[in-house]
Amino acid sequence: MGSCSGRCALIVLCTFQLVTALERQVFDFLGYQWVPILANFAHIVVIILGLFGTIQYRPRYVVVYTVWTAIWVTWNIFIICFYLEVGGLSQDSELLTFSLSQHRSWWHEHWPGCLHEEVPAAGLGAPHGQALVSGAICALEPSSVEALHSGLQILIALLGFVCGCYVVSVFTEEEDSFDFIGGFDPFPLYHVNEKPSSLLSKQAYLPA
């Protein structure tokens, strides 16, 4: 019963986490944020791996997913610090774009309710035909939207870490109990160390 409830909870959580990761990946693609794109891709792969391990009773895959959730929490804490400019970080830097684009994020350039001042793209730093935002006035800062996205990812990852640890412990206990009763071994455990001659002698004394 515990295994079923834990597995079902982790499957539902991973499914929701996969949906949010795909949503975030789409907006990072639109904003040309290449470092988050790579991080999101790795995140999606690990989520699928965790789903497979949970459904197919593969504890090693669930362990990989559980370890990754801790890494993912650290990454999203960094993203929050980056967009809120904590610890000397600046969202105006090109740290997340590999200096291949001057775009800051899709939310910063297209957030509803913002008044933008746009200038034509110039040089090699921006894709052809794009416009860069030089200033914007918004009711809600786009950096806060990015921070909220990362906060949601942290919350889901923490829940995934707890559920992953629980599922791994349940899978391990079930494997240990299964091995203790002999698994699929058709021969009893106490016959493993007996010699064939002793087994033949026992059969000879059996009544016909």
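Within the stretch 15-34, track down each residue that is modelled with pLDDT under 90 and open to solvent by less than 30 Å² (accessible area, probe 1.4 Å).
Within the stretch 15-34, ASP28, GLY31, GLN33 qualify.
Could you identify the single residue in GLY87, GLY125, GLY129 that is of a type outside the set (Phe, Trp, Tyr), assigned to a loop (DSSP other than H, G, I, E, B), open to solvent by 50 Å² or more (accessible area, probe 1.4 Å) and modelled with pLDDT under 75?
On the way: GLY87 fails: modelled with pLDDT under 75; GLY125 fails: open to solvent by 50 Å² or more (accessible area, probe 1.4 Å).
Of the residues listed, the single one that is of a type outside the set (Phe, Trp, Tyr), assigned to a loop (DSSP other than H, G, I, E, B), open to solvent by 50 Å² or more (accessible area, probe 1.4 Å) and modelled with pLDDT under 75 is GLY129.
Which of (1) within 24 Å of GLY6 (Cα to Cα); (2) at pLDDT below 90; (3) loosely packed, with under 13 Cβ neighbours inside 10 Å; (4) not β-branched (Val, Ile, Thr) does PRO186 not meet, given it meets every other one?
With respect to (1) within 24 Å of GLY6 (Cα to Cα); (2) at pLDDT below 90; (3) loosely packed, with under 13 Cβ neighbours inside 10 Å; (4) not β-branched (Val, Ile, Thr), PRO186 is out only on (1).
Looking only at the stretch 31-75, which residues are assigned to a loop (DSSP other than H, G, I, E, B) and in contact with a His (Cβ under 9 Å, 6 or more places away or on another chain)?
Matches in the stretch 31-75: GLY31, TYR32, GLN33.
The values are calculated or read from the model by the stated rules, or taken from the named source; none is laboratory data. Just so we're clear, the structure is a prediction, and the values are computed from it rather than from any experiment. Glycine gets a Cβ as well: all are built from the backbone with ideal geometry, and neighbour counts include every protein chain shown. What goes into the accessible areas is simple: the full protein's heavy atoms, side chains included, and nothing from ligands, DNA or RNA. Shrake-Rupley method; radii C 1.70, N 1.55, O 1.52, S 1.80 Å.
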